[in-house]
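Notes for the one structure printed next.
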Amino acid sequence: VQVSEQEVLGFLVALRKAGHGDYLGGFMTKQLPDYVVKTDAAEELSAGPGSSHVGAQGRRRDAGRVHSVAELEEVGTVLQVINITQYPNIAGGQVIVMPHKRIRRTRVVSSPSPNVILAAVGVEYLEEPTVDAADERVKALHEEIAAKMKELLKTSVVYKEQHEQVTRFYDTKHPMKLADLVAGMSLAQREELQEVLAENDGVERLQKVLAIVQKDLDFARLQSRMKTETEEKVSKEQRQAMLTAQMHSIMKELGIDKDEKQVLVAKFREAVNGKVLPPEVSKVLEAELTKLGTLEPASSEFNVCRTYLEWLTAVPWGIYTEDNKDIKKAEEVLDEDHYGLEDVKERILEFIAVSFLKDSVQGKIMCLAGPPGVGKTSVGKSIARALDRKFFRFSVGGMSDVAEIRGHRRTYVGAMPGKLIQCLKLTQSSNPVVLIDEIDKLGRDYRGDPSSAFLEILDPEQNNNFRDHYLDVPVDLSNVLFVCTANVTDTIPGPLLDRMEVIRIAGYVFEEKLAIAKQYLIPQTEEQSGVNADSLELTDEALRRIIADYAREAGVRQLKKLLEKINRKVALKMVRNKEEREMTRIGLDNLTQFVGQAPHLSDRLYSGGTPPGVVMGLAWTQMGGASLFIEAIGHGRTDASAPGSSSIEFVANEKDGDREDSGEKQPEEGEGRGQGGGGGGGSMKITGQLGEVMSESSAISLTYTRLFMRELKVGSRYLEDTLIHLHVPEGAVPKDGPSAGVTMASALLSLALKRPILQDLAMTGELTLSGKILRVGGIKEKVIAARREGVHTLILPRGNESDFHELKEYLRRGMTAHFVDHYDDVYRMAFDPALVPPLPGAPRGLPMVTVEAPPEVAEGTGADGSGAD
């Protein structure tokens, strides 16, 4: 039963979920609804006089709501709901039902209303009429109906398909069951079928069914005769076309037909042979071929027309590659190509599974976002392998010309189609996997905005009618699977990002890099350099040292470069000593001879522990997570400063880094001094090339720590009267964002109390003037950075608790996380309570939540201190 009204379908789904929709009453309407009559009239006009009588069957299958129970027939059927399916792209769906027993309406329980779509009625079950199978009249009617049905099955394909689907549910040896089967498959008028349903006399019902099947058989014979006549006519035309083609072939062999234009026309027609061209494309093709026949070969327009036809016929119209339907094979391909990335693989497999069920890839456009070197491009290749599709990649980094995407107008000299039409021509498939690389680096200038062109291409609701400026005909891109890659999503325009489903690839921890190096990188570099395992031995200790001290980035690109460097040096050694080739063993003692000195001399910037005024924070960057130390120091006292005139000085915090000293900046109310921030003449200098948001966080931290010191009642005016210098190391690297607020406040408090924070601790979170700790982003990247630095205790915002629990267990193993809502809990967890003043009262904000490390912790530790889990 086809239900076109979404409200009715939704009501059935809700009713079934509530446990009341397994059985329903089905009644035919006395009159065909107006909207069905109008639809059928339009279908008959479009079908023409020679069409089949499928429209009646479509009318019988339609179902929907009624305004009153009086519109329904009295006799209906009990229907068991087997399945409800929602249409993917349009309203409504399909309901599969099994009829069980005839019923008669006796009373109305409730009429349809806006809240309750279907009516509720009282019914009585009707007994099935019985007939004597031995009765001669019944036997004759039974055999006649069976004979007519067999002949009908040979004549009509529609009857044959229905019979194969439902015959297993009926006992055709029983006269009444056979009558029900034949009437159910019939294309008769609704009034005749209702009469059969309501008839209680067995012999009368058999006679009515026999009359119906006879009409269907007569109609099927007429339809078959018309089909035969049409086929004979088509065969005659095909014979004439075949003889014409043979005549041209004979003329070509004899050298009679050598016209260049005819050869080109024949070539173009042969190129589209077997392709399914849309009507508009066929019309344009015929017009261009006719135009080509009227042009002189020496004219410039001839070459323009010829080039256009070459592109138009090169597009794979209606040619698709068969998708892989084995989800296990797809999973094996992804595991074979990539180690780890379980969440990314799971999301890709979910996408593939939905595509298998829908038999289409329409839907979300995937965007793989992550630091460089984590395998975004190779994941796109693996998706194509998993689906058994053709793969095409093009980079849009720095692209600023819309014509690269949509093509040039044919009026320009040297015009050609855009990248997408070139992709279809190259892959010769209408459903390839297209990887759009570096979509976050699109350019924009006077030639246009390519990101606006992608709004149509990456929209599943629009790309089925994409028009390239060069071809100027509709091209269906709805079956193309688009995969985009980006390092960050901040630079992608909002409307374009809204069309994508972002899959984040955070990076790899020490253990993952170790496994990737052994399983993928080392075999690849050995194969590319020609150095096999018999000539080179890289010990596990040396490999661990390379990962820990030489390749600390989120991806594995730098690690691969180092392994390639080792192989090149070994290859040079082998070529120089051809006669004495011996095994080269690389360990900790000779590692520097092959890769040089380590850029990271120790595991941490403060390997012996942080002094007062220094706190380790966690930051998210385009290269992944990173540790971020905040240093604060106080020296001297300000002089000639009026009471209450505290100031903040920003040094070299411009984004371009060319501002040496911006001088003093008198803060607004709430900045630096803050309301209630205290008098005194203290000031603060900030360095480290901080952005505007991070500079504001430093001002908020200073104001809050002054208030916090007053609440502790230590009697110190250190922050009010002392010149404080706040610095974030690696001053050449621009930094910005609000997540360092809690770290800055802890550094200033540690400096004022002259007490260091606890060792083996890192923190992140945005701080407000009232001491609240707000949610931040990039938790996965920051946890990976903490593991890389060997930190085992984290202080995170309470709002990020769910993000931490979503991480895989191997990332959380060995980590104890404290989720805080107010800075009072940060103070309690960051400082030794025996060395600092106690809080004046109970901690404010929501209670702190502590998530202990999972119990399984490996005994050994990796070379980077992160633990070999």
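The values are calculated or read from the model by the stated rules, or taken from the named source; none is laboratory data. Just so it is clear, the model here is predicted, and its values are computed rather than measured. When we count neighbours, we look across all protein chains shown, and the Cβ atoms used for this are built from the backbone with ideal geometry, even at glycine. Ligands, DNA and RNA are stripped out before the accessible areas are found, and what is left, the full protein with its side chains, is counted by its heavy atoms. Shrake-Rupley method; radii C 1.70, N 1.55, O 1.52, S 1.80 Å.
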Ordering of 161-171, 146-156, 815-825, 263-273 by burial proxy (mean other Cβ atoms within 10 Å per residue, highest first): 815-825, 146-156, 263-273, 161-171
- request: Calculate, for the stretch 85-224, the solvent-accessible area per residue in square angstrom, rolling a 1.4 angstrom probe over the heavy atoms of the protein chains.
  value: 58 Å²
task: For the stretch 332-422, run through the chymotrypsin sites (Phe, Trp or Tyr not before Pro) and keep only the ones in DSSP coil with at most 11 other Cβ atoms within 10 Å of their Cβ.
output: Tyr412
query: Taking the Cα-to-Cβ direction at Val575 and at Thr85 and moving 7 Å from each Cα, how far apart do the two end points lie in nm?
result: 6.3 nm
- request: Would you pull out the residues with amide H under 5 Å of Leu187's amide H, same chain only if 5 or more places away, H placed 1.01 Å from N?
  value: none
- request: Report the charge-dipole magnitude of the chain in Debye, nearest 20, computed about the Cα centre from +1 at each Lys and Arg Cβ and -1 at each Asp and Glu Cβ.
  value: 640 debye
field: DSSP bridge pairs, the stretch 384-506: antiparallel proportion in percent, nearest 5
entry: 25 percent
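If you take the Cα atoms of the stretch 476-540, find Rg, then find the Kirkwood Rh from the mean of 1/r over all pairs, what is Rg/Rh?
Dividing the radius of gyration by the Kirkwood radius yields 1.21.
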statement: In terms of the charge dipole of the chain, which places +1 on Lys and Arg and -1 on Asp and Glu at the beta carbon, the residue among Ile779, Ser451, Leu152 farthest towards the positive end is Leu152
message: Please report the antiparallel percentage of the DSSP beta bridges confined to the chain, to the nearest 5.
response: 55 percent
message: Ordering Glu331, Glu232 by accessible area with a probe of 1.4 Å, largest first, what comes out?
response: Glu232, Glu331
- prompt: To the nearest 0.05, how large is the calculated FRET efficiency for Ala353 and Glu136 if R₀ is 56 Å and r is the Cβ-Cβ distance?
  reply: 0.40
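For the stretch 126-263, report the % of Cα-Cα distances exceeding 20 Å.
59 percent
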message: Over all directions, how big on average is the projection of the convex hull of the alpha-carbon atoms in the stretch 200-273, in square nanometres?
response: 8.2 nm²
Stretch gain in nm, segment Thr489-Thr592, where the contour uses 0.36 nm per residue and the Cα spacing is subtracted: 33.2 nm
message: Quick check on the chain: helices-only [θ] at 222 nm, where DSSP H runs of length 4 and up contribute -39,500 (n - 2.57) each and the sum goes over total residues. Nearest 500, please.
response: -12500 deg cm²/dmol
query: Once you charge only the Cβ atoms, +1 for Lys and Arg and -1 for Asp and Glu, what is the size of the charge dipole of the stretch 251-398 about its Cα centre, to the nearest 20 debye?
result: 200 debye
message: Using a 7 Å offset from Cα along Cα-Cβ at Met583, what residues in the stretch 521-543 end up with backbone N under 16 Å from the label point?
response: 532-542
Asp343 versus Asn303: modelled label distance in nm, points set 7 Å from Cα along the beta carbon direction: 5.7 nm
task: Normalise the Debye intensity by I(0) for the stretch 419-575, one equal point scatterer per Cα, no solvent, then take log10 at q = 0.10, 0.15 Å⁻¹ and round to two decimals.
output: -0.60, -0.89
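With a 1.4 Å probe and every protein chain left in place, work out the accessible area per residue of the stretch 497-542 in Å², rounded to a whole number.
Result: 45 Å² per residue.
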task: Could you rank Leu426, Leu774, Leu178 by how accessible they are, 1.4 Å probe, largest area first?
output: Leu426, Leu774, Leu178
- prompt: What share of all Cα pairs of the chain, in percent, falls into each consecutive 10 Å distance bin?
  reply: 2, 9, 13, 14, 15, 14, 12, 10, 7, 3, 1, 0, 0
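Suppose we take every Cα in the stretch 345-411 and form the convex hull; what volume per residue is that in Å³? Walk me through the intermediate numbers first.
On the way: hull volume 9.2 nm³, N = 67.
Once divided by residue count, the hull of the stretch 345-411 is 137 Å³.
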- prompt: Once the dipole of the chain is set up with Lys and Arg at +1 and Asp and Glu at -1 on Cβ about the Cα centre, which of Leu9, Ala119, Ser529 lies farthest towards its positive end?
  reply: Ser529
query: Roughly how many percent of the accessible protein surface of the stretch 301-452 is carbon and sulfur, given a 1.4 Å probe and a whole-percent answer?
result: 50 percent
message: Going through the cross-link list Lys561/Lys780; Lys376/Lys685; Lys376/Lys425; Lys154/Lys275; Lys518/Lys735; Lys173/Lys215, which pairs have a Cα-Cα distance over 30 Å in this structure?
response: Lys376/Lys685; Lys154/Lys275; Lys518/Lys735
field: Rg in Å to one decimal, and Dmax rounded to a whole Å, for the stretch 342-456 via C-alpha atoms
entry: 15.7, 51
query: Taking Lys325 as the anchor, which aspartates and glutamates have their alpha carbon closer than 12 Å to its alpha carbon, excluding any fewer than eight residues away along the same chain?
result: Asp359, Asp388
query: When we measure straight from the Cα of Lys419, which aspartates and glutamates land under 14 angstrom away, once same-chain ones fewer than 8 places off are left out?
result: Asp401, Glu404, Asp437, Asp468
- request: Take the Cα atoms of the stretch 253-404, build their convex hull, and give its volume per residue in Å³.
  value: 200 Å³
- prompt: At a Förster radius of 35 Å, what calculated FRET efficiency corresponds to the Cβ-Cβ distance of Asn324 and Thr816, to the nearest 0.05?
  reply: 0.20
- request: Would you kindly enumerate the cysteines in the chain that have no other Cys beta-carbon under 4.7 Å from their beta-carbon?
  value: Cys305, Cys423
task: Can you pull the one-decimal nm distance between simple spin-label points at Phe169 and Arg828, each 7 Å off the Cα toward Cβ?
output: 6.6 nm
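Stretch Gln262-Asn115 to full length: gain in nm at 0.36 nm per residue minus the Cα-Cα span?
Stretched fully, the Gln262-Asn115 segment lengthens by 46.1 nm.
Rounded to a whole number, what % of the accessible area of the stretch 480-562 do carbon and sulfur atoms account for, probe 1.4 Å?
Carbon and sulfur atoms account for 44 percent of the accessible area of the stretch 480-562.
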